Amino acid sequence: MISIISSLAGLIVPPAFDFIKKKFLKPKEDTPEATISSLATTNPEVIDKFVLANVELLKAKKDFFNRDIIGEASRWVIDLRASIRPIFVLLSLTARICGWIFHWNIDESFTALMDLCISSWFGSRLL
């Protein structure tokens with residue numbers, strides 16, 4: 001029963017959250033595009049400074065995100081970061097299928113966690 005509930009929650013929650021976010025939360029009006037648009041009509045000589053400031057801001061955000069990496073990240077680190085969730089989903093699918101085929105006695109809380117992982121991955125792909 002817990003597996004069914006976690007599977008349904010994983011399938012329904014990500015698309016429902018995206019729907020609610022898009023439907024009821026207004027997008028921010030103060031975007032860089034809106035600012036540069038108003039600058040183009042009111043004060044066009046500062047557009048290049050604004051663009052350079054946005055470039056510096058994006059570099060700072062990237063550096064903060066990669067703060068645990070010193071220097072340039074190697075390709076295998078980038079690939080490992082990108083593959084963690086798909087690997088866990090594949091291992092969960094394999095364990096569930098082997099559990100059904102070989103009638104393994106897997107703890108119900110662990111199967112619920114595996115089902116939640118699998119269904120949330122599929123649920124995030126629905127939209």
Selected residue (only one of 91, 116 is out of contact with any Leu (no Cβ under 8 Å at 6 or more places or on another chain), free of Cβ contacts under 8 Å to residues at least 40 places away in the same chain and closer than 23 Å to residue 2 by Cα): 91
Of those in region 1-43 that are touching a residue at least 40 places away in the same chain (Cβ under 8 Å) and of a type in the set (Gly, Ala, Ser), the residue nearest to residue 54 (Cα to Cα) is 10
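The numbers here are math on the coordinates, done by the rules we state, and not lab data. Predicted, not measured: the structure shown is a model, and the values here were computed from it. Cβ atoms come from the backbone with ideal geometry, glycine included; neighbour counts cover every protein chain shown.
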